[in-house]
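One structure is given here, and the rest of the page talks about it.
Every number in this text was worked out from the coordinates using simple rules, so none of it is lab data. Remember, it's a predicted structure, so these values are computed and weren't measured experimentally. Virtual Cβ from ideal backbone geometry, glycine too; neighbours counted across all protein chains shown.
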Amino acid sequence: MKKLLIILFIMLLLAVCKVNSEQENEYDQQTIQNAKANVESYLVNNYTNINNIQLDEPYQAPMGSMTIDGTVNETENFSISLNSDLTIGSLAIQSDNFPEEKDECKEKTCDY
């Protein structure tokens with residue numbers, strides 16, 4: 001009986017590990033490309049003086065959304081969460097010198 005319980009426990013543990021490893025690689029290359037393109041387009045179309053954008057690989061945030069961290073103009077850090085349709089859900093600015101929003105994009109997000 002003890003051997004059976006140990007075997008069942010090990011099988012359960014292996015199943016959980018397999019599910020977790022599959023979740024880490026959840027995004028295919030096309031989805032990643034589309035998400036990064038949306039992030040870049042959003043930043044360029046809604047903020048002034050964007051000279052360059054560097055993006056990290058996307059990851060799943062604890063609440064489940066795809067999130068991409070990055071840097072604008074080599075020093076200004078940000079984190080963007082995307083909705084399931086890859087539109088921008090939220091932007092967290094991690095710097096005081098982040099570029100300003102364009103005037104026409106302050107009331108309503110500009111198209112991207």
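Computed from phi, the 3J(HN,Hα) profile of the stretch 35-47 under the Karplus parametrisation 6.51, -1.76, 1.60 (θ = phi - 60°) reads 5, 5, 5, 5, 4, 4, 4, 4, 5, 5, 7, 10, 10 Hz, with x in place of Gly and Pro. Couplings 3J(HN,Hα) of the stretch 86-92, computed from phi: 6, 7, 6, x, 7, 10, 10 Hz, in residue order, whole Hz [Karplus 6.51 cos²θ - 1.76 cosθ + 1.60, θ = phi - 60°; x for Gly and Pro]. With a cut-off of 18 Å, note down the residues of the stretch 78-112 whose backbone N falls inside the zone around a label point 7 Å from the Cα of Asn52 toward its beta carbon. Inside the label zone: 78, 98-99.
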